[in-house]
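Down below is the structure, laid out as C-alpha coordinates.
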Amino acid sequence: MRLAAFAIAASFAGVACAGPMGYNGSTMAMGDFGRNWAEAWVNHAVTPRDAFGAGYTWMRSDDDRVIHRVAEATYTRLVHRWNMPHAQANAWFVVGAGVMTGNDFEGERFAWTPGFQLDYETTRVYVAAMGRLYRAGSIANDYAAGRAGFSFYEAEYEQVQPWFLVEARHMRAMSERVEVTPMVRFISSRYFVEAGVNLEGQARFNFMYIF
Amino acid sequence: MKAYASVAALAALASAAALAGPTLTAEVNGMVCAFCAQGIEKNLRALPATQDVYVNLPQRIVAVEPKAGATITPETLTRVVRDAGYEVVSVKEVNATAASLRGKATK
(Lines give C-alpha, C1' and ligand atoms only; values in the text may rest on other atoms or scores of the structure.)
Protein backbone atom coordinates (compact mmCIF):
# COMPACT_ATOMS: atom_id res chain seq x y z
CA MET A 1 0.00 0.00 0.00
CA ARG A 2 2.74 2.39 0.88
CA LEU A 3 4.47 1.31 -2.24
CA ALA A 4 1.55 2.49 -4.29
CA ALA A 5 1.83 5.96 -2.90
CA PHE A 6 5.54 5.87 -3.46
CA ALA A 7 5.23 4.78 -7.03
CA ILE A 8 2.46 7.04 -8.13
CA ALA A 9 3.95 10.05 -6.47
CA ALA A 10 7.34 9.31 -7.86
CA SER A 11 5.98 8.86 -11.30
CA PHE A 12 4.63 12.37 -11.04
CA ALA A 13 8.00 13.57 -9.88
CA GLY A 14 9.72 11.79 -12.70
CA VAL A 15 7.93 13.80 -15.31
CA ALA A 16 8.87 17.09 -13.79
CA CYS A 17 10.19 19.24 -16.58
CA ALA A 18 8.26 22.37 -17.18
CA GLY A 19 5.16 20.25 -16.94
CA PRO A 20 3.58 16.82 -17.01
CA MET A 21 1.69 17.42 -20.27
CA GLY A 22 2.45 18.68 -23.75
CA TYR A 23 0.96 21.43 -25.84
CA ASN A 24 -2.62 21.54 -27.05
CA GLY A 25 -3.39 18.57 -29.28
CA SER A 26 -0.20 16.71 -28.49
CA THR A 27 0.34 13.28 -27.00
CA MET A 28 3.14 12.91 -24.52
CA ALA A 29 4.80 9.72 -23.29
CA MET A 30 6.74 9.67 -20.07
CA GLY A 31 8.76 7.03 -18.28
CA ASP A 32 10.58 6.74 -14.98
CA PHE A 33 12.71 3.71 -14.31
CA GLY A 34 14.64 2.84 -11.17
CA ARG A 35 15.61 -0.21 -9.18
CA ASN A 36 12.46 -0.27 -7.11
CA TRP A 37 10.09 0.94 -9.67
CA ALA A 38 9.24 1.32 -13.29
CA GLU A 39 6.38 3.33 -14.64
CA ALA A 40 5.08 4.77 -17.85
CA TRP A 41 2.45 7.33 -18.67
CA VAL A 42 0.89 8.65 -21.77
CA ASN A 43 -1.50 11.56 -21.96
CA HIS A 44 -3.18 13.67 -24.59
CA ALA A 45 -3.72 17.41 -24.23
CA VAL A 46 -7.24 18.29 -25.28
CA THR A 47 -6.79 21.97 -24.47
CA PRO A 48 -3.72 24.06 -23.61
CA ARG A 49 -4.52 23.33 -19.95
CA ASP A 50 -6.10 19.86 -19.79
CA ALA A 51 -4.81 16.39 -20.56
CA PHE A 52 -6.24 12.92 -20.15
CA GLY A 53 -4.17 9.78 -20.08
CA ALA A 54 -3.26 6.45 -18.56
CA GLY A 55 -0.39 5.13 -16.54
CA TYR A 56 1.04 1.90 -15.26
CA THR A 57 3.42 1.57 -12.35
CA TRP A 58 5.40 -1.28 -10.90
CA MET A 59 6.95 -0.67 -7.49
CA ARG A 60 8.85 -2.47 -4.81
CA SER A 61 9.67 -1.62 -1.21
CA ASP A 62 13.20 -0.92 -0.05
CA ASP A 63 13.45 -4.37 1.49
CA ASP A 64 12.28 -6.01 -1.75
CA ARG A 65 9.44 -7.80 0.05
CA VAL A 66 6.41 -5.92 -1.22
CA ILE A 67 5.46 -5.40 -4.82
CA HIS A 68 2.54 -3.32 -6.03
CA ARG A 69 1.20 -2.52 -9.44
CA VAL A 70 -1.07 0.38 -10.27
CA ALA A 71 -3.01 0.95 -13.45
CA GLU A 72 -4.81 4.27 -13.58
CA ALA A 73 -6.52 6.80 -15.75
CA THR A 74 -5.18 10.29 -15.21
CA TYR A 75 -6.27 13.87 -15.56
CA THR A 76 -3.73 16.69 -15.59
CA ARG A 77 -4.65 20.34 -15.23
CA LEU A 78 -2.44 23.37 -15.69
CA VAL A 79 -3.99 25.47 -12.95
CA HIS A 80 -1.96 28.56 -13.67
CA ARG A 81 1.05 29.57 -15.70
CA TRP A 82 3.13 32.65 -15.19
CA ASN A 83 4.92 33.58 -18.40
CA MET A 84 7.66 36.05 -17.61
CA PRO A 85 10.20 37.61 -19.97
CA HIS A 86 12.96 35.20 -19.01
CA ALA A 87 11.19 32.65 -16.87
CA GLN A 88 8.13 30.49 -16.54
CA ALA A 89 6.35 29.22 -13.43
CA ASN A 90 3.50 26.73 -13.26
CA ALA A 91 0.99 25.31 -10.85
CA TRP A 92 -0.23 21.84 -11.83
CA PHE A 93 -2.91 19.55 -10.51
CA VAL A 94 -3.05 15.89 -11.36
CA VAL A 95 -5.35 13.14 -10.26
CA GLY A 96 -5.50 9.48 -11.12
CA ALA A 97 -8.13 6.82 -10.55
CA GLY A 98 -7.58 3.14 -11.07
CA VAL A 99 -6.76 -0.13 -9.43
CA MET A 100 -3.90 -1.36 -7.36
CA THR A 101 -2.79 -4.97 -7.01
CA GLY A 102 -0.03 -6.29 -4.80
CA ASN A 103 1.55 -9.24 -3.06
CA ASP A 104 0.54 -8.13 0.42
CA PHE A 105 -3.22 -8.10 -0.09
CA GLU A 106 -5.84 -9.98 -2.04
CA GLY A 107 -7.57 -8.81 -5.17
CA GLU A 108 -7.74 -5.25 -6.44
CA ARG A 109 -8.31 -1.98 -4.65
CA PHE A 110 -9.72 1.19 -6.07
CA ALA A 111 -7.12 3.92 -5.89
CA TRP A 112 -7.28 7.65 -6.43
CA THR A 113 -4.28 9.91 -6.40
CA PRO A 114 -4.56 13.70 -6.22
CA GLY A 115 -1.34 15.67 -6.48
CA PHE A 116 0.17 19.02 -7.26
CA GLN A 117 3.34 20.48 -8.63
CA LEU A 118 4.82 23.95 -8.53
CA ASP A 119 7.80 24.75 -10.72
CA TYR A 120 9.90 27.68 -11.81
CA GLU A 121 12.31 27.60 -14.71
CA THR A 122 14.60 29.89 -16.63
CA THR A 123 17.01 28.95 -19.38
CA ARG A 124 19.59 28.32 -16.65
CA VAL A 125 17.76 27.39 -13.43
CA TYR A 126 15.05 24.91 -12.51
CA VAL A 127 13.30 24.38 -9.17
CA ALA A 128 10.19 22.37 -8.41
CA ALA A 129 8.17 21.08 -5.50
CA MET A 130 5.55 18.41 -5.73
CA GLY A 131 3.37 16.26 -3.60
CA ARG A 132 0.80 13.59 -4.05
CA LEU A 133 -1.64 11.81 -1.84
CA TYR A 134 -2.52 8.20 -2.32
CA ARG A 135 -5.82 6.87 -1.11
CA ALA A 136 -7.08 3.32 -1.53
CA GLY A 137 -9.52 2.07 1.05
CA SER A 138 -7.67 2.07 4.33
CA ILE A 139 -4.42 2.86 2.60
CA ALA A 140 -3.26 6.42 2.91
CA ASN A 141 0.16 7.71 2.05
CA ASP A 142 1.76 11.02 1.24
CA TYR A 143 4.61 11.84 -0.96
CA ALA A 144 6.74 14.95 -1.29
CA ALA A 145 9.69 15.81 -3.47
CA GLY A 146 11.82 18.75 -4.41
CA ARG A 147 14.12 19.33 -7.33
CA ALA A 148 16.66 21.97 -8.12
CA GLY A 149 19.18 22.26 -10.90
CA PHE A 150 21.02 24.39 -13.37
CA SER A 151 22.06 24.20 -16.97
CA PHE A 152 25.71 24.29 -17.89
CA TYR A 153 25.12 26.93 -20.52
CA GLU A 154 22.33 28.71 -22.33
CA ALA A 155 21.50 26.84 -25.51
CA GLU A 156 19.93 27.69 -28.82
CA TYR A 157 16.61 26.09 -29.65
CA GLU A 158 18.20 23.55 -32.02
CA GLN A 159 20.95 22.56 -29.59
CA VAL A 160 20.99 19.93 -26.86
CA GLN A 161 21.17 21.54 -23.44
CA PRO A 162 22.74 19.61 -20.55
CA TRP A 163 21.59 20.18 -16.99
CA PHE A 164 22.61 19.00 -13.55
CA LEU A 165 19.95 18.62 -10.90
CA VAL A 166 19.35 16.99 -7.56
CA GLU A 167 16.11 15.47 -6.43
CA ALA A 168 15.15 14.70 -2.84
CA ARG A 169 11.99 12.73 -2.26
CA HIS A 170 10.30 11.10 0.67
CA MET A 171 7.54 8.54 0.68
CA ARG A 172 6.03 8.38 4.10
CA ALA A 173 5.63 4.85 5.45
CA MET A 174 6.99 3.29 2.30
CA SER A 175 10.60 4.16 2.89
CA GLU A 176 12.10 5.78 5.95
CA ARG A 177 14.85 7.41 4.00
CA VAL A 178 14.92 10.57 2.00
CA GLU A 179 16.14 9.47 -1.39
CA VAL A 180 18.61 11.92 -2.87
CA THR A 181 19.43 11.51 -6.55
CA PRO A 182 21.86 13.67 -8.50
CA MET A 183 21.01 13.53 -12.19
CA VAL A 184 22.05 14.86 -15.54
CA ARG A 185 19.34 16.02 -17.89
CA PHE A 186 19.52 16.55 -21.63
CA ILE A 187 16.87 18.67 -23.29
CA SER A 188 16.38 19.32 -26.97
CA SER A 189 13.41 20.37 -29.03
CA ARG A 190 12.75 16.66 -29.69
CA TYR A 191 13.45 14.78 -26.47
CA PHE A 192 13.98 15.02 -22.75
CA VAL A 193 16.04 12.47 -20.84
CA GLU A 194 17.43 12.26 -17.34
CA ALA A 195 19.84 9.75 -15.85
CA GLY A 196 21.25 9.53 -12.38
CA VAL A 197 22.36 7.39 -9.47
CA ASN A 198 20.99 7.90 -5.99
CA LEU A 199 23.17 8.00 -2.89
CA GLU A 200 22.57 4.26 -2.42
CA GLY A 201 24.05 3.60 -5.85
CA GLN A 202 20.77 2.78 -7.58
CA ALA A 203 20.40 3.93 -11.16
CA ARG A 204 17.51 6.02 -12.43
CA PHE A 205 16.39 6.94 -15.93
CA ASN A 206 13.55 9.22 -17.01
CA PHE A 207 12.33 10.33 -20.39
CA MET A 208 9.60 12.35 -22.03
CA TYR A 209 8.65 12.40 -25.68
CA ILE A 210 5.95 14.39 -27.46
CA PHE A 211 4.34 12.95 -30.56
CA MET B 1 11.27 28.97 -76.94
CA LYS B 2 13.08 27.49 -73.96
CA ALA B 3 14.41 30.90 -73.05
CA TYR B 4 10.91 32.37 -73.12
CA ALA B 5 9.66 29.57 -70.88
CA SER B 6 12.46 30.10 -68.40
CA VAL B 7 11.84 33.81 -68.28
CA ALA B 8 8.13 33.23 -67.81
CA ALA B 9 8.79 30.78 -65.00
CA LEU B 10 11.15 33.18 -63.28
CA ALA B 11 8.65 35.97 -63.68
CA ALA B 12 5.93 33.82 -62.16
CA LEU B 13 8.15 32.94 -59.22
CA ALA B 14 9.11 36.55 -58.69
CA SER B 15 5.50 37.55 -58.87
CA ALA B 16 4.47 34.92 -56.33
CA ALA B 17 7.32 35.94 -54.06
CA ALA B 18 6.24 39.52 -54.35
CA LEU B 19 2.74 38.49 -53.33
CA ALA B 20 3.97 36.53 -50.30
CA GLY B 21 3.14 38.02 -46.96
CA PRO B 22 5.93 39.27 -44.76
CA THR B 23 7.84 37.18 -42.27
CA LEU B 24 6.39 37.73 -38.83
CA THR B 25 8.37 37.74 -35.63
CA ALA B 26 6.81 37.46 -32.20
CA GLU B 27 8.37 38.36 -28.89
CA VAL B 28 7.32 35.60 -26.52
CA ASN B 29 7.30 35.46 -22.73
CA GLY B 30 7.91 32.21 -20.86
CA MET B 31 9.77 30.43 -23.64
CA VAL B 32 12.70 29.00 -21.70
CA CYS B 33 12.83 25.30 -22.62
CA ALA B 34 13.31 23.84 -26.10
CA PHE B 35 11.46 20.64 -25.29
CA CYS B 36 8.44 22.52 -24.07
CA ALA B 37 8.52 25.09 -26.86
CA GLN B 38 8.45 22.47 -29.62
CA GLY B 39 4.69 22.89 -29.84
CA ILE B 40 5.16 26.35 -31.27
CA GLU B 41 7.40 25.10 -34.05
CA LYS B 42 5.34 22.01 -34.85
CA ASN B 43 2.04 23.85 -35.01
CA LEU B 44 3.44 26.69 -37.08
CA ARG B 45 5.00 24.24 -39.54
CA ALA B 46 1.64 22.48 -39.77
CA LEU B 47 0.03 25.61 -41.21
CA PRO B 48 -0.46 25.23 -44.97
CA ALA B 49 0.94 28.71 -45.55
CA THR B 50 4.19 28.17 -43.68
CA GLN B 51 7.50 28.08 -45.52
CA ASP B 52 9.88 28.11 -42.54
CA VAL B 53 9.95 28.64 -38.79
CA TYR B 54 12.71 29.96 -36.59
CA VAL B 55 12.78 29.86 -32.79
CA ASN B 56 15.36 31.70 -30.71
CA LEU B 57 15.15 30.93 -26.99
CA PRO B 58 17.74 33.41 -25.66
CA GLN B 59 16.16 36.26 -27.60
CA ARG B 60 12.60 34.99 -26.96
CA ILE B 61 11.73 35.26 -30.64
CA VAL B 62 9.55 33.12 -32.88
CA ALA B 63 9.60 33.87 -36.61
CA VAL B 64 7.35 32.40 -39.27
CA GLU B 65 7.90 32.88 -42.97
CA PRO B 66 4.98 32.32 -45.36
CA LYS B 67 5.20 30.44 -48.62
CA ALA B 68 5.27 32.35 -51.86
CA GLY B 69 1.83 33.72 -52.51
CA ALA B 70 0.65 33.04 -48.98
CA THR B 71 0.15 35.16 -45.91
CA ILE B 72 0.14 34.38 -42.22
CA THR B 73 -1.63 36.89 -40.05
CA PRO B 74 -0.40 38.17 -36.69
CA GLU B 75 -3.57 36.73 -35.18
CA THR B 76 -2.71 33.24 -36.41
CA LEU B 77 0.82 33.46 -35.06
CA THR B 78 -0.49 34.72 -31.71
CA ARG B 79 -3.07 31.93 -31.50
CA VAL B 80 -0.52 29.20 -32.20
CA VAL B 81 1.91 30.54 -29.62
CA ARG B 82 -0.83 30.88 -27.01
CA ASP B 83 -2.12 27.37 -27.71
CA ALA B 84 1.39 26.13 -27.00
CA GLY B 85 1.17 27.80 -23.60
CA TYR B 86 3.09 31.02 -24.04
CA GLU B 87 2.36 34.73 -24.02
CA VAL B 88 2.91 36.93 -27.05
CA VAL B 89 4.18 40.36 -26.13
CA SER B 90 4.29 41.80 -29.63
CA VAL B 91 4.28 40.83 -33.30
CA LYS B 92 6.03 42.68 -36.07
CA GLU B 93 6.76 42.27 -39.75
CA VAL B 94 10.37 41.95 -40.84
CA ASN B 95 11.97 42.11 -44.25
CA ALA B 96 13.94 38.88 -43.87
CA THR B 97 13.54 35.17 -44.28
CA ALA B 98 13.57 32.76 -41.38
CA ALA B 99 16.80 31.34 -42.74
CA SER B 100 18.47 34.73 -42.75
CA LEU B 101 17.37 35.35 -39.17
CA ARG B 102 18.79 31.98 -38.24
CA GLY B 103 22.01 32.82 -40.03
CA LYS B 104 22.37 36.15 -38.26
CA ALA B 105 21.91 34.51 -34.86
CA THR B 106 24.59 31.89 -35.49
CA LYS B 107 27.20 34.43 -36.61
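The values are calculated or read from the model by the stated rules, or taken from the named source; none is laboratory data. These figures come from a predicted structure and were not determined experimentally. Note: ideal-geometry Cβ built from the backbone for every residue, glycine included; neighbour counts use all protein chains shown.
In the set A:VAL193, A:VAL180, which member is free of Cβ contacts under 8 Å to residues at least 24 places away in the same chain, within 14 Å of chain B (Cβ to nearest Cβ) and within 16 Å of the chain's Cα centre (by Cα)?
Step by step, each of A:VAL193, A:VAL180 is checked, and only A:VAL193 is free of Cβ contacts under 8 Å to residues at least 24 places away in the same chain, within 14 Å of chain B (Cβ to nearest Cβ) and within 16 Å of the chain's Cα centre (by Cα).
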Could you please give the count of residues in the stretch B:19-36 that are at the interface with chain A (Cβ under 10 Å from one of its Cβ atoms), surrounded by 23 or more Cβ atoms within 10 Å (Cβ to Cβ) and part of a strand (DSSP E or B)?
1
Qualifying position, being surrounded by 17 or more Cβ atoms within 10 Å (Cβ to Cβ), touching a residue at least 60 places away in the same chain (Cβ under 8 Å) and on the phi < 0 side of the Ramachandran plot, among B:ALA98, B:ALA84
B:ALA98
Looking only at the stretch A:108-124, decide whether some residue is within 25 Å of A:MET28 (Cα to Cα), of a type in the set (A, V, I, L, M) and touching a Ser or Thr at 6+ places or on another chain (Cβ under 7 Å).
no
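Test A:TYR126 against the stated conditions and say whether it is part of a strand (DSSP E or B), within 14 Å of chain B (Cβ to nearest Cβ) and within 19 Å of A:ASN206 (Cα to Cα).
Working: part of a strand (DSSP E or B): yes; within 14 Å of chain B (Cβ to nearest Cβ): yes; within 19 Å of A:ASN206 (Cα to Cα): yes.
Yes, satisfied.
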Checked B:GLY39, B:GLY69 against criteria (closer than 23 Å to A:PRO162 by Cα and either of a type outside the set (Val, Ile, Thr) or buried (at least 19 other Cβ atoms within 10 Å of the Cβ) (or both)); the one match is B:GLY39
Limited to the stretch A:175-188, what total is found for residues that are of a type in the set (Lys, Arg) and at pLDDT below 85?
1
Which one of the conditions (1) at pLDDT below 90; (2) of a type outside the set (S, T, N, Q); (3) over 30 Å from A:VAL46 (Cβ atoms) does A:TYR191 fail to meet, given that it meets all the rest?
(3)
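Of all residues in the stretch A:200-210, count the ones that are more than 10 Å from every other protein chain (Cβ to nearest Cβ) and either surrounded by 13 or more Cβ atoms within 10 Å (Cβ to Cβ) or modelled with pLDDT under 90 (or both).
Filtering the stretch A:200-210 for residues more than 10 Å from every other protein chain (Cβ to nearest Cβ) gives A:200-207.
Going one step further and asking which of them are either surrounded by 13 or more Cβ atoms within 10 Å (Cβ to Cβ) or modelled with pLDDT under 90 (or both), we end up with A:202, A:204-207.
The total comes to 5.
Out of the residues in the stretch A:110-123 that are more than 17 Å from the chain's Cα centre (by Cα) and over 15 Å from A:GLN88 (Cα atoms), state the one that is nearest to the other protein chains (Cβ to nearest Cβ). Step through it out loud before you land on a result.
Applying the first criterion (more than 17 Å from the chain's Cα centre (by Cα)) to the stretch A:110-123 yields A:110-111, A:122-123.
If we keep only those that are over 15 Å from A:GLN88 (Cα atoms) as well, we get A:110-111.
Working: A:PHE110: 33, A:ALA111: 29 Å.
Once the filter is applied, the top-ranked residue is A:ALA111.
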Restricting to the stretch A:41-67, count the residues that are buried (at least 17 other Cβ atoms within 10 Å of the Cβ), free of Cβ contacts under 8 Å to residues at least 60 places away in the same chain and small (Gly, Ala, Ser).
4
The stretch B:37-59, subset free of Cβ contacts under 8 Å to residues at least 24 places away in the same chain and within 25 Å of A:MET30 (Cβ to Cβ), residue nearest to the other protein chains (Cβ to nearest Cβ):
B:GLN38
As an exercise: evaluate B:GLN59 against (1) farther than 30 Å from A:PRO162 by Cα; (2) at pLDDT 90 or above and give the number of the one condition it does not meet.
(1)
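Applying the selection to the stretch B:47-79, what residues are hydrophobic (A, V, I, L, M, F, W, C) and under 12 Å from the mean Cα position of the chain (by Cα)? Let's see the steps before the verdict.
Keep residues of the stretch B:47-79 that are hydrophobic (A, V, I, L, M, F, W, C), which gives B:47, B:49, B:53, B:55, B:57, B:61-64, B:68, B:70, B:72, B:77.
Matches in the stretch B:47-79: B:LEU47, B:ALA49, B:VAL53, B:VAL55, B:ILE61, B:VAL62, B:ALA63, B:VAL64, B:ALA68, B:ALA70, B:ILE72, B:LEU77.
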